[in-house]
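Since every read-out is calculated from the coordinates, none of them should be taken as a lab result. Given the structure is predicted, the values throughout are model-derived calculations rather than measurements. Positions of Cβ are generated from backbone atoms using ideal geometry, with glycine treated the same way; all protein chains shown enter the neighbour counts.
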Amino acid sequence: MKFYAVFSPVILTVIVLLSLCVPGGTGLSTVPRNSDVLIVDPDIPTEAIPDDVAQQSVPVDEPVSYEGAQLWRVDFDDQRKKNAVAELQAKFDGAMWAFNATSVDIFLKHPKLAGARKLLRRAKISFDVVIDNMQRAIEQENPPKDQLELWENRDGHHMTWTAYHRLNDIHEWMEYLGKTYPDLCSTKSIGKSFQGRDMKVLRISNGNPSNSAVWIDGGIHAREWISPATVTYIINHLVEEWDEQPEYIRNIDWYVLPVHNPDGYEFTHQYDRLWRKNRRSAIYGRCAGVDLNRNWGHKWGGQGSSKQPCSEIFAGSGAFSEPETKAVQSFMQTSAANWKGFLTFHSYGQYILYPWGYDRTVPSDHEDLKRVGDEAAQRMKKLGGAQYTVGPSGDTLYPASGGSDDWARGVMNIKYAYTVELRDTGRHGFVLPASQIQPSGEESLLFIDSIASAISKL
Ligand code: 0X9
Ligand code: ZN
């Protein structure tokens with residue numbers, strides 16, 4: 001894009017400032033990858049694809065290769081550096097993956113590296129190469145397939161917490177839990193994704209009618225694999241060690257959706273490891289996918305979301321335009337459950353975030369949310385786990401409207417609504433080695449324990 005030729009310095013400054021508020025930037029940075037062509041995944045049931053879309057479709061061919069692509073951590077502590085980062089986004093398709101007050105993680109594809117390096121050297125801005133070949137990192141993230149096959153066929157399921165599993169393994173294991181522990185567990189498909197996959201929820205409950213209820217979800221962002229892995233780790237612990245749990249955990253009805261974005265999740269396993277959004281099909285050459293964490297109905301379409309289909313933070317055509325968000329909204333609103341907690345797991349950065357996300361402001365009881373979050377973070381650290389930063393989302397991370405946590409708090413009035421950004425702080429980013437599932441699961445158990453304990457005191 002001929003960025004400087006098109007925009008005046010004043011407009012440039014405004015756009016730069018806006019683009020710094022969000023990961024992946026605004027429309028400036030999000031030059032479509034393989035998403036600007038009309039593609040439909042070949043293994044989805046064709047009846048799930050509307051006719052007008054199916055007729056326009058061509059099959060996806062080769063998986064996306066990230067050979068030579070790099071993740072850079074760039075200094076970001078003054079306006080000059082921020083402008084340079086915006087230029088990296090605009091001119092070199094740099095995708096902003098995460099940032100804090102002093103540095104930003106920028107993902108760059110191989111052909112753009114030389115130009116981007118030159119830009120930073122000329123501006124005398126220092127940076128570290130955190131991942132020097134993304135394709136290599138992707139290949140090393142999960143144990144090799146033949147090793148995975150060796151572990152198969154125990155107890156009628158294939159689930160483990162030493163590898164990242166496909167959707168089918170997760171769903172079959174949930175069915176197994178329902179069959180094995182019928183007095184404690186039940187499964188329900190609360191709807192279908194855009195491509196027709198089930199949105200499977202596991203309910204864990206002792207059936208006590210006075211119970212409070214807690215919602216947990218993972219995998220709303222497709223590439224954040226540690227999230228479904230951690231959420232299933234939590235389920236496994238609760239179910240397999242139910243009798244050893246304290247009363248405040250046993251007197252909660254737990255509703256868990258491990259893979260909120262099943263189409264995106266499968267797409268990351270088969271075609272593009274770094275896909276974020278759902279798989280709403282591109283129509284007439286436009287980009288595919290809606291960011292499901294910009295699609296909820298509290299302050300939808302505000303700061304930190306985009307109206308551009310090609311953006312990584314595209315909010316969709318309206319609040320709840322997507323079947324994946326609509327299904328959860330309907331399920332929670334029509335359920336008789338006494339919702340007191342809403343916990344949504346993402347990665348990465350190691351944050352415990354609470355509302356509001358749409359702006360740099362807090363609800364009146366923010367001190368309660370901070371105290372409970374801090375307690376959890378302290379216990380997690382003490383266990384020898386990772387260090388989590390606790391704070392209101394818009395202020396601690398960046399303002400982003402249309403998130404599920406804001407809806408849970410703003411519309412459903414659920415007191416303990418948190419977004420957890422799991423491991424790590426950027427060394428591996430979204431491509432976190434499977435060996436970290438277990439420690440991530442252990443520290444997250446302490447988090448849900450702290451929330452359950454706080455709910456019992458309400
Ligand atoms: O931007 C997001 O959706 C979340 N971060 S991520 O890197 N996993 O994409 C943070 C969402 C925090 N909540 C709200 N802003 N409502
Ligand atoms: Zn996320």
Enumerate the amide H contacts of residue 191 below 5 Å, restricted to partners 5 or more residues apart or on another chain; note that Pro and chain-start residues carry no placed amide H.
199
Which cross-chain or sequence-distant (5 or more) residues have an amide H under 5 Å from the amide H of residue 130, H modelled 1.01 Å from N in plane?
71, 72, 73
Within the set 188/326; 145/179; 299/326, which residue pairs have Cα atoms separated by over 20 Å?
145/179
Prolate/oblate/rounded label for the range 147-456 (Cα gyration tensor, a/c 1.5):
rounded
Potential extension, residue 336-residue 124 segment - 0.36 nm per residue separation minus Cα distance
70.4 nm
On a straight-distance basis, which lysines could pair with residue 91 in a cross-link, Cα separation under 20 angstrom, same-chain partners fewer than 8 positions away excluded?
2, 81, 82, 109, 112, 118, 124
Would you pull out the residues with amide H under 5 Å of residue 272's amide H, same chain only if 5 or more places away, H placed 1.01 Å from N?
64
If one computes the Cα centroid of the range 414-429 and of the range 273-325, what distance in Å separates the two points?
21 Å
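By the gyration tensor of its Cα atoms, with a ≥ b ≥ c the square roots of the eigenvalues, what is the shape of the range 138-271: rounded for a/c under 1.5, prolate for a/b over b/c, or oblate? Don't skip to the answer; put the middle values down first.
Numbers: a/c = 1.98, a/b = 1.51, b/c = 1.31.
Note, shape of the range 138-271 comes out prolate.
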Cα gyration tensor of the range 154-223, axes a ≥ b ≥ c as square roots of the eigenvalues: rounded (a/c below 1.5), prolate (a/b > b/c) or oblate?
oblate
If neighbour count is taken as other Cβ atoms inside 10 Å, put 234, 226, 352 in order from fewest to most.
234, 352, 226
Reachable lysines from residue 382, criterion Cα separation under 28 angstrom, eight or more residues apart if same chain:
340, 370, 415, 457
